[in-house]
Protein chains: 2
Amino acid sequence: MRGVNARCPPRAASGAAPPDTSFLESLIGYNARRAALAIIARVLPTLQPHDLRVVEFSVLTVIAHNPGITSRQVCAALDILPPNLVGLLRRLERRGLVEKRAHPGDRRAQSLYVTALGAQVQRQAQDAVAAVETDEATHLSAAERATLIALLRRIYQGNGAGTTR
Amino acid sequence: MRGVNARCPPRAASGAAPPDTSFLESLIGYNARRAALAIIARVLPTLQPHDLRVVEFSVLTVIAHNPGITSRQVCAALDILPPNLVGLLRRLERRGLVEKRAHPGDRRAQSLYVTALGAQVQRQAQDAVAAVETDEATHLSAAERATLIALLRRIYQGNGAGTTR
DNA sequence: TATTGTTATACTCTATAACTATA
DNA sequence: TATAGTTATAGAGTATAACAATA
């Protein structure tokens, strides 16, 4: 018997009943990824006026909050591979948002600083991102926000075993 | 005076003090992304023996749980763009895990099914992923898991506005 | 006219190997 | 010998435009 869809169409085929994704929805990884993508989709238009992509904003923020930080440390903090940071920093430097200075004490390294313009752009972008994150994107209470962030942090910080990279 | 790091090195330069990432860590998007990447890093080696990537596992799972589903519906469920699903399905088909059949009622579409082998591989992979997710990767209690997933789901499902794609 | 599946293509993101200069 | 920064490059992943067949 082909017995397919006399009156009970293979739910998959109907436009009405959404497909069963219950297993995937039981996974933290799946939900975390979907949530991250949803939030990033909201943050993107916020950063667009500043001509910043998400990673660029992250790097700019870390440099602004840690004057004199090295490339290597930015990579470690944000889990970026060194070769991929090079072009990113070059763009920020060309736009006059970041500058490199000689590192005191290690001539291999270089200290990173935001310029006055870079600091201004970062501040504006940070305020805009914070607003979107807390208000529009997620209608969670402050307590729920705190709970969520604490749980997420336990996942990617909690265990001793290193990441794959 | 070069006055650098006699005893108080510019925290950025020292290998000891970790850089300040407090702002980024206050963002749900940042934490969700880091958590998702950390979990995926754990899941990858679990799927490797089955020669499945994460997206392939997701697609295989949705097809297994929704026999007769169409490409378009898989795309909608997993937020995959149709052109990107084509090659993915082709690989799964060539490996004998998935098969396409004529769709009853719409000759444009095609119904997707897992083969016996596909069902077996999917089951094994699902068990392995579930084990990693609940045990090793995240040491959360069942209650914490449930809370986390509920909060995450509210972020990417809760609001009416569609995603960017 | 709209939709399904598809091709071709481009752009971003991420990853690896290897080089240089310093330590 | 190891590390910081860099180059070149490869591979995922994700995006858009356009087409044929069907609704």
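The values are calculated or read from the model by the stated rules, or taken from the named source; none is laboratory data. These numbers come from a predicted model, not from an experiment. Every residue, glycine among them, receives a Cβ derived from its backbone with ideal geometry; neighbour counts consider all protein chains shown. Quick note on the areas: whole protein, heavy atoms, side chains included, nothing else; ligands and nucleic acids left out. Shrake-Rupley method; radii C 1.70, N 1.55, O 1.52, S 1.80 Å.
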Within the set of pairs 6 or more residues apart or between chains, which connect a residue that is in contact (Cβ under 8 Å) with a residue 60 or more places away in the chain and under 27 Å from A:Leu60 (Cβ atoms) inside the stretch B:22-51 to a residue that is within 15 Å of DNA strand C (Cβ to nearest atom) and aromatic (Phe, Trp, Tyr) with Cβ atoms less than 6 Å apart? B:Ala38/A:Tyr156
Restricting attention to the stretch A:114-130, report how many residues are in contact (Cβ under 8 Å) with a residue 12 or more places away in the chain, of a type in the set (A, V, I, L, M) and open to solvent by 40 Å² or more (accessible area, probe 1.4 Å). 1
Among (1) assigned to a helix (DSSP H, G or I); (2) of a type in the set (A, V, I, L, M, F, W, C); (3) within 13 Å of DNA strand C (Cβ to nearest atom), B:Ile80 falls short only on (1)
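Here's the yes/no breakdown for (1) closer than 13 Å to A:Tyr30 by Cα; (2) assigned to a loop (DSSP other than H, G, I, E, B); (3) modelled with pLDDT of 95 or more:
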position: B:Ala16; (1), (2), (3): no, yes, no
position: B:Asp20; (1), (2), (3): no, yes, yes
position: B:Asn31; (1), (2), (3): no, no, yes
position: B:Ala36; (1), (2), (3): yes, no, yes
position: B:Ala41; (1), (2), (3): yes, no, no
position: B:Leu60; (1), (2), (3): no, no, yes
Which members of the stretch A:20-76 meet the condition of being hydroxyl-bearing (Ser, Thr, Tyr) and either away from DNA strand C (no atom under 12 Å from the Cβ) or over 12 Å from the mean Cα position of the chain (by Cα) (or both)? A:Thr21, A:Ser22, A:Ser26, A:Tyr30, A:Thr46, A:Thr61, A:Thr70, A:Ser71
In the stretch B:114-144, residue nearest to the chain's Cα centre (by Cα) [restricted to those that are of a type in the set (D, E, K, R) and within 7 Å of chain A (Cβ to nearest Cβ)]: B:Glu133
Restricting attention to the stretch B:97-108, the residues that are within 12 Å of chain A (Cβ to nearest Cβ) and open to solvent by less than 40 Å² (accessible area, probe 1.4 Å) number exactly 1
What is the one condition in (1) open to solvent by 40 Å² or more (accessible area, probe 1.4 Å); (2) within 11 Å of chain B (Cβ to nearest Cβ); (3) within 16 Å of DNA strand C (Cβ to nearest atom) that A:Ser111 does not satisfy? (1)
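Would the stretch B:79-96 turn up any residue that is more than 16 Å from DNA strand D (Cβ to nearest atom), out of contact with any strand residue (DSSP E or B) (no Cβ under 6 Å at 6 or more places or on another chain), more than 7 Å from chain A (Cβ to nearest Cβ) and over 30 Å from A:Ile155 (Cα atoms)? Even if it seems obvious, please write down each step before you answer.
Let us first name the residues in the stretch B:79-96 that are more than 16 Å from DNA strand D (Cβ to nearest atom), namely B:93, B:96.
Next cut, out of contact with any strand residue (DSSP E or B) (no Cβ under 6 Å at 6 or more places or on another chain) only: B:93, B:96.
From the residues that got through so far, the ones that are more than 7 Å from chain A (Cβ to nearest Cβ) too are B:93, B:96.
This time we only want the ones that are over 30 Å from A:Ile155 (Cα atoms), so: B:93, B:96.
Within the stretch B:79-96, one or more residues are more than 16 Å from DNA strand D (Cβ to nearest atom), out of contact with any strand residue (DSSP E or B) (no Cβ under 6 Å at 6 or more places or on another chain), more than 7 Å from chain A (Cβ to nearest Cβ) and over 30 Å from A:Ile155 (Cα atoms).
So that you can scan it fast, the table gives a plain yes or no per residue for (1) open to solvent by 10 Å² or more (accessible area, probe 1.4 Å); (2) among the small types (Gly, Ala, Ser):
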site: B:Asp20; (1), (2): yes, no
site: B:Phe23; (1), (2): yes, no
site: B:Leu27; (1), (2): yes, no
site: B:Ala38; (1), (2): yes, yes
site: B:Asp51; (1), (2): yes, no
site: B:Val55; (1), (2): yes, no
site: B:Leu60; (1), (2): no, no
site: B:Pro67; (1), (2): yes, no
